[in-house]
Amino acid sequence: MNMPLPLVRLKGEPASLPAADLALDPHMAIHGHGSLQLRHVYDVDSALNYLGHRIVHHPRELRSHVQRILLLIRHEDGASLYGALVDLLITLGDKGLALKQRMLDLAAPLLNRTSLVFLQRQLESGIRACDPAIARVRSSLLRTGFCGTDQLVLRHKAQGGAQERTPLEEARELVEYGQLEQALETLENALLIEPDQPGVAAELLELYTRMGELDRMEAMREQMLINFGRAPESWPAVAS
């Protein structure tokens, strides 16, 4: 299970790109890039800094988490990789088991046994950002300090009384305000966590079609086949 994910290339994208075109700015090289494998990023440190910035400001953006993890695997940076996996488990909590397991399987050859055992034990439940076990994991971007007792957290939630919105509700609200790209990312993240959501898949198909993002739909379909062995049956095949 230590083979890298295959390159998901956008339709019409050349197999190799000139270094000069991609070394200018990590934002230009990464943002909106259809591949989760950043094979043509030449300034790795800048790319990791950019992805870290995205994760800190948009922690639920799973694409940035996966790109960061795969880039660290490619460059065999086991120490930073451990922190990146911790951040993924903080973000997903008890959701997205297949994605978490896939990333851990790919990273396993670069992790020491203690780190690997800890992550495997936390895989189903996820990791709390204030867990003392990760207090010294410097490469984690999302770890926090002491966050109080469970009782205080539960009491605060009870007083609020507000129900958490579903990804579908959140995406529809974003669409109403014209934030189509954010809505697209919200729905993609939801499917990468739990693939069996027909309503989310249908809404995502409608957005792909509306925005003319059929190549991105194909990239998402291929990623779901990699992670789960299946993709939404309602999505039409795009002619090559």
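The values are calculated or read from the model by the stated rules, or taken from the named source; none is laboratory data. Since this is a predicted model, take the numbers as computed values, not measurements. Cβ sites come from the backbone with ideal geometry, for glycine too, and all protein chains shown count toward neighbours. For the accessible areas, the whole protein counts, side chains as well, though only heavy atoms, and no ligand, DNA or RNA atoms are used. Shrake-Rupley method; radii C 1.70, N 1.55, O 1.52, S 1.80 Å.
Ignoring solvent entirely, what values of log10 I(q)/I(0) come out of the Debye formula for the range 80-148 at 0.26 Å⁻¹ when each Cα is a single scatterer?
Here log10 of I(q) over I(0) equals -1.24.
Go through the range 168-179 residue by residue and turn each phi into a ³J(HN,Hα) via Karplus (6.51, -1.76, 1.60, θ = phi - 60°); whole Hz please, and just put x for glycine and proline.
Whole-Hz 3J(HN,Hα) from phi for the range 168-179: 5, 5, 5, 5, 5, 5, 4, 4, 4, 8, x, 8.
Suppose every Lys and Arg Cβ carries +1 and every Asp and Glu Cβ carries -1, with no other charges. What dipole size does the range 84-135 come out with about its Cα centre, to the nearest 20 debye? Intermediate results must be reported in sequence, preceding the final value.
Values: 6 positive and 5 negative charges, 14 e Å.
Roughly 60 debye for the range 84-135.
Hey, can you find the accessible area per residue of the range 170-213 for me, probe 1.4 Å, expressed in square angstrom?
Values: 2160 Å² over 44 residues.
Per residue, the range 170-213 has an accessible area of 49 Å².
As a test question: what accessible area, to the nearest 10 Å², does His75 have when a 1.4 Å probe is rolled over all protein chains in place?
In the full protein context, His75 sits at about 90 Å².
Compute the distance in nm between two label points, each set 7 Å from the Cα along the Cα-to-Cβ direction, one at Ala237 and one at Ala98.
Placing both labels 7 Å beyond Cα along the Cβ direction yields 2.1 nm.
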